[in-house]
Amino acid sequence: MVVDEVFVEDIIKSDKKQFYEDLELPKQEYMNKKNIYPVIADFTEYSPLHNGHLFCMNEAKKLHPDALFVAVIPGLFERNGRGLPYILTRKKRAELAISLGADIVVEGPPMGVMGSGQYSLCLAKMFKALNADYIPRGYISCDPKFIIILNYINNGKAVAPKPYKIISMEDKKVLLEGKLHNDDYVIVSLSKSLTKVNFDYKNKFIFIPRLENVSGTKIREKVSQNSLDELSSMLPDETIAMLKSEIESGHAPLHDVRAEKLLLDNVNNISEESLYALTLMDCETADNILKNRPFNTIDDLLDSITRGFSKHRKQRILSVLEACIKKDEIHKYIHNYPQKIRILGYKNKDVLNKFKYNLKNNNLIGEIEKYANR
């Protein structure tokens, strides 16, 4: 079955409502008390959950079998840091994570309408709110200089990504020249953000070499072609079964689908003032849109969006135009993040009670999110 565009449009409208409700919530204060029950906090997209994700989860759990494994899955608007839609809704990604070993799944930030530094900062705030005892991260590069960077981070020393180099935030020393793989960049960026929020991460990272022969790009290509049986070496049986079920119901794959009608209505009718105020929007792109609209297709619109330092900029702008979130709104959202810990799934009541006990101990409020229509 083909995904109904209305399904995607309804998600964005519903998530926008949640965004504005969260925007009015006050910033929470937390006490950073030691967790009663240790927490492994893992940020991951699970789009979809593949054997590499499962390997990382299991390796971390082997090292700390008594800890609660908390997966932070990106939330609102169902768009990733590259601005592209996820294959499955976060509810289904959460269900998969629980079925394959996670204890708790919480909703992460709306990555698709943020810059990379912004969502990295939100992730750091989430890890601080959860008072993470351990943070597993898969890495790719085996360059000895990159291993030095990982050792820096594990010793609680901050490093920062700069254009084509990585530096020590302590003494500004250049630790590595060149461009990092995306997964490795996330580690460095997260280190910088954790330092910004004054979170002590010394000896908390669990660095796990990335599992070979698992390609997210190939997985998405085969899912688009509905060739799921060719992915048995890369995907757990549970992921394949979930994909088949969601495809049959017309709710997947979502990664090739935009809310095109909503997006074009927005871009063709938004006021000049509001267009310039959108998050991530630059003046040249706004000028191009005003000059060239109305647009009949997304492809026509793409020509009006300027290129940026990131090759994913155009897709991020499309996600911004779908949701129409403004700069001042996203800044307020980030300042108060996380306004609450929204729980998307849990293993059982005992695990849930332990997790809530941790939150209460840290002066936080948890909420069970309901997805009646998804």
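Do we find that Asp10 is more than 23 Å from Leu121 (Cβ to Cβ) and assigned to a loop (DSSP other than H, G, I, E, B) in this structure?
On the way: more than 23 Å from Leu121 (Cβ to Cβ): yes; assigned to a loop (DSSP other than H, G, I, E, B): no.
No: the conditions fail for Asp10.
Filter the stretch 325-342 down to the residues that are modelled with pLDDT of 95 or more and aliphatic (A, V, I, L, M), then identify the one that is nearest to Ile12 (Cα to Cα).
Looking at residues that are modelled with pLDDT of 95 or more and aliphatic (A, V, I, L, M), I get Ile325.
Pick from the stretch 164-177 the residues that are open to solvent by 30 Å² or more (accessible area, probe 1.4 Å) and either assigned to a helix (DSSP H, G or I) or touching a residue at least 12 places away in the same chain (Cβ under 8 Å) (or both): which of them is farthest from Glu45 (Cα to Cα)?
Here is the first cut: in the stretch 164-177, the residues open to solvent by 30 Å² or more (accessible area, probe 1.4 Å) are 164-165, 169-174, 177.
So of that shortlist, the ones also either assigned to a helix (DSSP H, G or I) or touching a residue at least 12 places away in the same chain (Cβ under 8 Å) (or both) come out as 164-165, 169-170, 177.
Working: Tyr164: 25, Lys165: 26, Met169: 28, Glu170: 31, Glu177: 28 Å.
My answer is Glu170.
Quick check on my filter: what residues within the stretch 32-47 are assigned to a loop (DSSP other than H, G, I, E, B) and either open to solvent by less than 10 Å² (accessible area, probe 1.4 Å) or not aliphatic (A, V, I, L, M) (or both)?
Residues satisfying the conditions are Asn32, Lys33, Lys34, Asn35, Tyr37, Pro38, Thr44, Glu45, Tyr46, Ser47.
Name the residues in the stretch 48-73 that are part of a loop (DSSP other than H, G, I, E, B) and either β-branched (Val, Ile, Thr) or open to solvent by less than 20 Å² (accessible area, probe 1.4 Å) (or both), would you? Outline the logic, then answer.
Just the residues of the stretch 48-73 that are part of a loop (DSSP other than H, G, I, E, B), to begin with: 48-50, 64-67.
Those that are part of a loop (DSSP other than H, G, I, E, B) and either β-branched (Val, Ile, Thr) or open to solvent by less than 20 Å² (accessible area, probe 1.4 Å) (or both): Pro48, Leu49, Ala67.
Restricting the stretch 232-251 to residues that are in a loop (DSSP other than H, G, I, E, B) and open to solvent by 20 Å² or more (accessible area, probe 1.4 Å), which is farthest from Lys222 (Cα to Cα)?
Across the stretch 232-251, the extreme among qualifying residues is His251.
Go through the stretch 103-150 residue by residue and tally those that are within 22 Å of His312 (Cβ to Cβ) and among the aromatic types (Phe, Trp, Tyr).
Matching residues across the stretch 103-150 total 2.
Being farther than 22 Å from Val8 by Cβ and of a type outside the set (S, T, N, Q) is the filter here; which residues of the stretch 260-280 pass it?
Of the stretch 260-280, the ones farther than 22 Å from Val8 by Cβ are 271-277.
Within the stretch 260-280, Glu272, Glu273, Leu275, Tyr276, Ala277 qualify.
Quick check on my filter: what residues within the stretch 138-160 are of a type in the set (A, V, I, L, M) and either closer than 12 Å to Ser191 by Cβ or more than 25 Å from the chain's Cα centre (by Cα) (or both)? Give the derivation first.
Taking the stretch 138-160 first, the residues of a type in the set (A, V, I, L, M) are 140, 147-150, 153, 158-160.
Correct list: Ile148, Ile149, Leu150, Ile153, Ala158, Val159, Ala160.
Taking the criterion of being over 29 Å from Arg93 (Cα atoms), open to solvent by 20 Å² or more (accessible area, probe 1.4 Å), touching a residue at least 40 places away in the same chain (Cβ under 8 Å) and within 22 Å of the chain's Cα centre (by Cα), would at least one residue in the stretch 269-277 satisfy it?
Scanning the stretch 269-277 turns up no residue that is over 29 Å from Arg93 (Cα atoms), open to solvent by 20 Å² or more (accessible area, probe 1.4 Å), touching a residue at least 40 places away in the same chain (Cβ under 8 Å) and within 22 Å of the chain's Cα centre (by Cα).
Find all pairs meeting these conditions: Cβ atoms under 8 angstrom apart; at least six residues apart or on different chains; first residue within the stretch 343-366 and part of a loop (DSSP other than H, G, I, E, B); second residue of a type in the set (Asp, Glu).
Close Cβ pairs (under 8 Å, with a partner that is of a type in the set (Asp, Glu)) amount to Lys347/Asp103; Asn363/Glu29.
Residues to consider are Gly81, Gly108; find the one that is at pLDDT below 95, closer than 21 Å to Phe205 by Cβ and crowded, with 21+ Cβ neighbours inside 10 Å. Walk me through it before giving the result.
Numbers: Gly108 fails: at pLDDT below 95.
Residue meeting the stated conditions: Gly81.
Kindly indicate the residue of the stretch 178-205 that is touching a Lys or Arg at 6+ places or on another chain (Cβ under 7 Å) and either modelled with pLDDT of 90 or more or assigned to a loop (DSSP other than H, G, I, E, B) (or both) and also nearest to Gly81 (Cα to Cα) among those meeting that condition.
First, pick out the residues of the stretch 178-205 that are touching a Lys or Arg at 6+ places or on another chain (Cβ under 7 Å): 183, 187, 197, 199, 205.
Now restrict to residues that are either modelled with pLDDT of 90 or more or assigned to a loop (DSSP other than H, G, I, E, B) (or both): 187, 197, 199, 205.
On the way: Ile187: 14, Val197: 21, Phe199: 23, Phe205: 22 Å.
Looking at residues that are touching a Lys or Arg at 6+ places or on another chain (Cβ under 7 Å) and either modelled with pLDDT of 90 or more or assigned to a loop (DSSP other than H, G, I, E, B) (or both), I get Ile187.
The values are calculated or read from the model by the stated rules, or taken from the named source; none is laboratory data. These figures come from a predicted structure and were not determined experimentally. Don't worry about glycine lacking a Cβ; one is built from the backbone with ideal geometry, like all the others, and counts go over all protein chains shown. In case anyone asks, the SASA skips ligands and DNA or RNA and just uses the protein heavy atoms, side chains included. Shrake-Rupley method; radii C 1.70, N 1.55, O 1.52, S 1.80 Å.
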